[in-house]
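The values are calculated or read from the model by the stated rules, or taken from the named source; none is laboratory data. Predicted model only: the values in this text are computed from it and were never measured. Cβ placement follows ideal geometry from the backbone for every residue including glycine, while neighbour counts extend to all protein chains displayed. These accessible areas exclude ligands, DNA and RNA; they are computed on the full protein's heavy atoms, side chains included. Shrake-Rupley method; radii C 1.70, N 1.55, O 1.52, S 1.80 Å.
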Amino acid sequence: MKKQYFFVANFKSYLTFKEEIKWCSNNVKELAILSQDNKIIICPSFVSMGLVKGIELGAQNCSNFGVGAYTGEISAESLAQLDIKYCLVGHSERRQYFNETNENLEKKIEQLFKNNIVPILCIGESHQEYLTGKTQEVLLAQLNVLKKVSKEIIIAYEPIWAIGTGLTPEVEYIDKIYNFINKLMDNKYKILYGGSVNQDLAQKLKQFTKIDGFLIGKASTSFQEFKKIVLS
Ligand code: PGA
């Protein structure tokens with residue numbers, strides 16, 4: 001059977017509300033066709049989620065807490081009511097700009113599990129850590145949040161220095177890291193790659209590694225670019 005790859009589009013805050021709605025409504029039919037052979041998950045901002053129909057959506061983040069007095073937060077329970085089945089957790093931009101720690105992430109994962117949402121845990125090393133050979137040590141510490149996890153999760157390996165930079169590691173390097181994570185996790189979870197994914201890289205990774213799919217930022221904001229990656 002042909003492998004079904006994951007293609008997760010992370011719009012971040014690149015698109016405005018109107019642009020997100022336009023992106024989704026213009027491409028519902030084509031996405032339905034692409035979804036016949038692929039698992040496609042679109043992660044727009046919270047404001048768009050309730051208005052998009054006919055597309056499988058994921059969230060970019062969720063609250064550490066359940067419903068309650070947490071001004072400005074969006075609970076996993078609300079996401080579940082919108083039929084959201086996936087949620088990014090611990091994206092490097094959230095770790096960097098919003099000080100997310102492993103402790104926060106454990107709480108988010110717990111909230112998501114309670115609401116039957118699959119967390120997509122993002123992990124990755126900085127350029128300095130990459131250059132000094134610390135990648136595996138860093139990933140090991142980040143993966144510690146999964147020590148008590150027994151339900152389905154997805155791991156997205158995203159070297160921080162490859163995110164939004166156009167720089168990407170060698171395919172052999174990504175393969176090595178994929179195998180490292182896979183072994184550590186006893187082959188239990190799907191593992192995606194993210195960081196300046198384009199058609200060419202996706203094609204190579206499909207050919208030379210066992211990667212289960214891709215987390216796509218900037219390139220996903222253009223439907224044509226995203227489609228090329230899906231069809232790679
Ligand atoms: P990028 O972002 O594709 O723009 O590098 C990927 C991500 O941050 O998830």
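Would you pick out the residues in the range 157-185 that are part of a helix (DSSP H, G or I) and more than 15 Å from L139 (Cβ to Cβ)? Hits for the range 157-185 are V171, E172. When we screen E30, E20 for residues that are in a helix (DSSP H, G or I), in contact with a Lys or Arg (Cβ under 9 Å, 6 or more places away or on another chain) and either away from the ligand (no atom under 16 Å from the Cβ) or open to solvent by less than 60 Å² (accessible area, probe 1.4 Å) (or both), the only hit is E30. Pull out all pairs, ordered by first then second residue, where Cβ-Cβ is under 9 Å, the residues are six or more apart or on different chains, the first lies in the range 191-204 and is under 18 Å from F223 (Cα atoms) and more than 9 Å from the ligand (Cβ to nearest atom), and the second is open to solvent by 30 Å² or more (accessible area, probe 1.4 Å) and not in a loop (DSSP other than H, G, I, E, B). Cβ pairs passing all conditions: Q199/E225; Q199/K228; A202/K228. Scanning the range 143-176 for residues that are within 16 Å of the ligand (Cβ to nearest atom) and either among the charged types (D, E, K, R) or touching a helix residue (DSSP H, G or I) at 6+ places or on another chain (Cβ under 7 Å) (or both) returns I155, Y157, E158, P159, I160, W161, I163, G164, L167, T168, P169, I174.
In summary, E129 fulfils each of the numbered conditions (1) more than 16 Å from the ligand (Cβ to nearest atom); (2) at pLDDT 95 or above; (3) surrounded by fewer than 13 Cβ atoms within 10 Å (Cβ to Cβ) with the single exception of condition (3). Quick check on F223: is it more than 13 Å from the ligand (Cβ to nearest atom), surrounded by 13 or more Cβ atoms within 10 Å (Cβ to Cβ) and under 27 Å from F65 (Cβ atoms)? So F223 fails the test.
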